[in-house]
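> Right, I'll just put the structure down here and ask away after.
The values are calculated or read from the model by the stated rules, or taken from the named source; none is laboratory data. Everything numeric in this text was worked out from a predicted model, so none of it was measured. Every residue, glycine as well, gets a Cβ built from its backbone with ideal geometry; the counts of neighbours run over all protein chains shown.
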Amino acid sequence: MRSHQRDFAPDRRIIFLCLIAVVIGAVSTVAAFVLLNLIHFFTNLFFFQTFSFADRSPATHTLGLWVIAVPVAGGLIAGLIARYGSDKVRGHGIPEAIEAILFRKSQMSPKVALLKPLTSGIVIGSGGPFGAEGPIIMTGGAIGSLIAQNFSMSAAERKTLLVAGATAGMTAVFGTPVAAVLLAVELLLFEWRPRSLLPVILACAVAAFCRPLLLESGPLFPIHTAPVGLAAFAICIVAGLLSGMLSAVMSLSLYRVEDWFGKLPLHWMWWPAIGGLAVGIGAYFEPRALGVGYDVIADLLNHRMILSAALSLLLVKAIIWVVALGSGTSGGVLAPLLMLGAGLGAVIASLVPGSDPTLWPLVCMAAVLAGVLGAPLTAAIFALGLTGDFNALLPLLLATGVSYGFTVLVMRRSIMTEKIARRGLHIYREYSVDPQERVFVQDVMATDIAHIDAALSLQQVSRDYFGAGQKHRSFPVVNAQQKLLGMLDRELLMQWMGKHDGARQIGSLFEKIPSVAFATETCQVVGRRMAIQHAERLPVVADRASMSLIGIVSRSDLLKPSHTAFYEEHIRERLFSR
């Protein structure tokens, strides 16, 4: 057995990252507390003209027609903050976090950490039909990034702490730590490594433990459905397909509206006010469409709404949400999508006599989320964490899987990646173990080595190795003890022959320690080293101390694992004959 072969790469830096993640988890919980209280404060200020942090529904206002002006005022303030503060506060948060991770080396500014919760508090508090999850993911991510920027870290390590802050914030708002970790895996990390996964787990666990100290504990929407039988299998598939369709319609509608706003002859600063006008008009007819709408979700899950009233409310909610979010204001997508999915489930429950009427709103709520996010495991466990209903786990898993499959086949991108793609940045969300990470240099290197004796003269080397019969672009030079002195190519040889006597021994001219590979390194590590150094071949030595040459590895050698991967992926064969 080879002692250097392990399931995971050893990295002692993980302890350092985990310690920082613990701090980030606690700080992100405080940020979630601040954000939710900002929403409460501005809700009371805009709709009830009081300075209070009490949790009141904006639907109970007594403003009459003046309610139309409230979201307009909130949108106008948000536009001003975005223009003169930071335009990074625009949008629903998750795409901006992904963009920072993949294209900005996980660097976020202090402005985002301060202005994102303030803007979202104003927008949602003035009636914006959004959830708090997108803003807290962006805010928590900014906190993680800012803390990381105070230490000497790589971009990959900053990414880990950014995601730790984002998911800890989500945990604090919803009390769903497992779903938050899965969100990191399916949507934010773009890798599966202990170095990234453990800090995220710790940050979410800390946030979950701290949450009862500042916020209410327990599931947000506690329900208990009856166990399901085989008859529910077909209904789950239908529910998943319909949820996938609704996900696609909502995603396409959102970006169609965004295109319409882009054609307006106005600066984007004014767009949120226009979106606020649509919110105000809709809210005048359906007051419960205002704000986050957790009370509506609870009523739908507990079968406390007449179907006709629910459909009217959800139609208004869908329209004002699409228009408001398409205007570029600040707010999250999860809560509105949960509400719309629950409404679809209420329709299905009314068409399936004898079934548990609370099950299908829950199932469709998760399935719509899975289709929009492209994250089925996150959606299923998120719904489970919100309700604590383990009887629904199997229907949740099936319906979210069907919805996810539908949107993968039908949609080019999700609602999370379309905005980034419109900025000219492509995201590919599939990832797997790199075949070059599974294979070591000793498995692909050449051991039949053509090398140059260090005692040869420049003239001899030029004649014997770089003449008409030259076989390789470069050769290793070794002394009598087989110690590597360096690599020699034609360009370097010509330089030396122009400066030194042709009788000079080649071995006396090497001064720098050569770049080498080790047999126990993976092909991926050595391939990156060769790319950085623009090298086509690297000598392989036994160890750094002896520098004893044992092989040569070339670019073509490093591609051998990819040949195997291509065969496994694309070559179809029948292993049993008929």
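> Got a sec? Which helices (runs of 4 or more DSSP H) wholly within the stretch 291-379 have at least 3 residues that are under 28 Å from residue 429 (Cβ atoms), hydrophobic (A, V, I, L, M, F, W, C) and within 26 Å of the chain's Cα centre (by Cα)?
Answer list for the stretch 291-379: 307-326, 334-351, 359-373.
> Between a residue in the stretch 553-573 that is under 24 Å from residue 516 (Cα atoms) and without any contact (Cβ under 8 Å) to a residue 12 or more places away in the chain and any residue that is among the hydrophobic types (A, V, I, L, M, F, W, C) and part of a loop (DSSP other than H, G, I, E, B), which pairs come within a Cβ distance under 9 Å, given they are 6 or more apart or on different chains?
Filtered contacts from the stretch 553-573: no entries.
> Taking the conditions exactly as written (within 25 Å of residue 281 (Cβ to Cβ), in the same structural domain as residue 168 (by TED's automatic domain parsing), assigned to a helix (DSSP H, G or I) and not charged (D, E, K, R)), does residue 42 satisfy them or not?
In short, yes.
> With the checklist (1) modelled with pLDDT of 85 or more; (2) surrounded by fewer than 17 Cβ atoms within 10 Å (Cβ to Cβ); (3) touching a helix residue (DSSP H, G or I) at 6+ places or on another chain (Cβ under 9 Å) in hand, flag the one item residue 426 doesn't pass.
(1) is the only condition that residue 426 fails.
The rows are residues; the columns are (1) farther than 25 Å from residue 55 by Cα; (2) in a helix (DSSP H, G or I); (3) out of contact with any Gly (no Cβ under 6 Å at 6 or more places or on another chain); (4) without any contact (Cβ under 8 Å) to a residue 24 or more places away in the chain.
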residue	(1), (2), (3), (4)
191	yes, no, yes, no
227	yes, no, yes, no
259	yes, yes, yes, yes
269	yes, yes, no, no
272	no, yes, no, no
276	no, yes, no, no
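> Could you grab me the full set of residues in the stretch 505-537 that are without any contact (Cβ under 8 Å) to a residue 60 or more places away in the chain and either surrounded by fewer than 15 Cβ atoms within 10 Å (Cβ to Cβ) or in contact with a Pro (Cβ under 9 Å, 6 or more places away or on another chain) (or both)?
Across the stretch 505-537, the qualifying residues are 508, 511, 512, 513, 514, 515, 516, 528, 531, 532, 533, 534.
> Given the structure, is residue 489 acidic (Asp, Glu) and more than 30 Å from residue 563 (Cβ to Cβ)?
Spelling it out, it is not the case that residue 489 is acidic (Asp, Glu) and more than 30 Å from residue 563 (Cβ to Cβ).
> Now for a separate question. Please find, among 461, 439, 444, 477, the residue that is surrounded by 15 or more Cβ atoms within 10 Å (Cβ to Cβ), closer than 22 Å to residue 501 by Cα and touching a residue at least 40 places away in the same chain (Cβ under 8 Å).
461
> Do we have any residue at all in the stretch 357-372 that's crowded, with 23+ Cβ neighbours inside 10 Å and either within 20 Å of residue 90 (Cα to Cα) or free of Cβ contacts under 8 Å to residues at least 24 places away in the same chain (or both)?
yes
> Out of (1) surrounded by fewer than 17 Cβ atoms within 10 Å (Cβ to Cβ); (2) part of a helix (DSSP H, G or I); (3) not β-branched (Val, Ile, Thr), what's the single condition that is false for residue 217?
(2)
> Residue by residue through the stretch 77-107, note down the ones that are closer than 19 Å to residue 325 by Cα and either in contact with a Ser or Thr (Cβ under 6 Å, 6 or more places away or on another chain) or β-branched (Val, Ile, Thr) (or both).
77, 78, 81, 89, 94, 98, listed by residue number.
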